[in-house]
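Step one of this worksheet: look at the structure below.
The values are calculated or read from the model by the stated rules, or taken from the named source; none is laboratory data. Because the structure is a prediction, the values reported are computed rather than measured. When we count neighbours, we look across all protein chains shown, and the Cβ atoms used for this are built from the backbone with ideal geometry, even at glycine. Please note that ligands, DNA and RNA were not included when accessible areas were found on the heavy atoms of the full protein model with its side chains. Shrake-Rupley method; radii C 1.70, N 1.55, O 1.52, S 1.80 Å.
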Amino acid sequence: GLVYVADSANAAIRTIDAATGEVATLVRASDLGGDAGAAVFAPVGLALDGKGSLYVADFGNVPSAGSRETGGAIYRVALGGGPGGAVTLVAGSPAGAPGMTDGTGTAASFGHLRGLAIDGQGELYVADGCAVRRIDVASGAVLTVAAHACAQQLYGLAYDGVGTLYAADGASVIRAIVPGTGAASTVAGQPGTYGADDGV
């Protein structure tokens, strides 16, 4: 009965009780540990694994006066422990430079994290710019499975349970992506054609 919200502007993950409307803070930046992680936390994508863990895509730090761009990271939040529950780093570096390096744990780098989806078999998928990256949640190993799957950049991701990811492309289309081959195709919309027309 809980809705989980990535509240980027407040550097927090919030919950909403669907029955009562009560809002509570589950994770604050300070729960990540270390000054560097707390300083750049900007959660943008969430995925529940159905086994008591919430996965978080941290966009990292957007450049502003006196700051620099960072690549972001993937975190695991153990649910059921109340506010400030156990938060562990799965992959990436909270204060590291942006990149597209495959690797394990902090050896991997991310460029522009957005949506997350999980396949139920221990594989997590994340939209990273125009790429889809796969993360083994047990080991933290990151592998790029689709390098050019969009016209602009990918935002939300959803997994259909039988081998296809669906992605919202910033060029105003919905893409179908096959992680095994990296193949991407347009399901609906026309690239660069914005509007609200229903149709096929």
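Values as computed for the structure displayed
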read-out	value
Positive-end residue, the chain charge dipole about Cα centroid, Cβ charges, pick of LEU2, GLY99, THR15	GLY99
Carbon/sulfur fraction of accessible area - the chain, other protein chains in place, 1.4 Å, %	52 percent
Per-residue SASA entry for VAL145, accessible area with 1.4 Å probe, Å² rounded to 10	20 Å²
Solvent exposure of region 61-200 as accessible area per residue, Å², 1.4 Å probe	47 Å²
Rounded to the nearest 10 Å², the accessible area of ASP169 at probe 1.4 Å	10 Å²
Ranking by accessible area, most exposed first, for HIS148, HIS112 with a 1.4 Å probe	HIS148, HIS112
Accessible area of SER93 in the full protein assembly, 1.4 Å probe (Å², nearest 10)	40 Å²
Highest-MSF residue in the chain out of GLY161, GLY182, GLY21 [GNM, Cα springs under 10 Å]	GLY21
The chain, dipole about Cα centre (Lys/Arg Cβ +1, Asp/Glu Cβ -1), debye to the nearest 20	280 debye
